[in-house]
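The values are calculated or read from the model by the stated rules, or taken from the named source; none is laboratory data. Computed from a predicted model, the values in this text were never measured in an experiment. Counting neighbours? That spans all protein chains shown, and the Cβs are built from the backbone with ideal geometry, glycine included. Note: areas computed on protein heavy atoms with side chains; ligands, DNA, RNA excluded. Shrake-Rupley method; radii C 1.70, N 1.55, O 1.52, S 1.80 Å.
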Amino acid sequence: EGHDSVPPEMWLLPNWFPFHPGRLWCHCRMVYLPMGYLYGSRFIYSEAESDPLIAALRRELYCEAYDKIPWSSTRHKVAPMDNYSPLPLFMKVAQDF
């Protein structure tokens with residue numbers, strides 16, 4: 001709900017295709033491949049609510065209670081200094097489907 005899609009099917013494109021993930025900068029590829037796998041398999045950690053490490057990480061990383069964060073409304077929020085290539089309105093609308 002709270003993040004944009006990372007389609008693993010992009011890896012099935014031919015290598016010569018301009019948008020093939022293999023053409024991404026090496027650090028982007030290292031993030032895209034595992035995130036694409038997790039997104040494609042719809043991975044859910046079934047014990048996240050009872051895991052003490054996950055609870056500690058949520059307390060440390062988020063300023064408000066994790067259960068109260070409206071994830072769908074935070075999808076396109078990026079700090080201005082981190083927004084190197086802003087998404088066009090078309091992409092924001094397409095990602096919301």
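Brief remarks follow.
- Checking each residue of segment 35-44 against the condition of being hydrophobic (A, V, I, L, M, F, W, C), open to solvent by less than 90 Å² (accessible area, probe 1.4 Å) and closer than 25 Å to Asp96 by Cβ gives at least one match.
- A search for C-beta distances below 6 Å between a residue of segment 50-66 that is of a type outside the set (Lys, Arg) and any residue that is assigned to a loop (DSSP other than H, G, I, E, B) and open to solvent by less than 100 Å² (accessible area, probe 1.4 Å), counting only pairs 6+ apart in sequence or on different chains, returns Ile54/Ala48.
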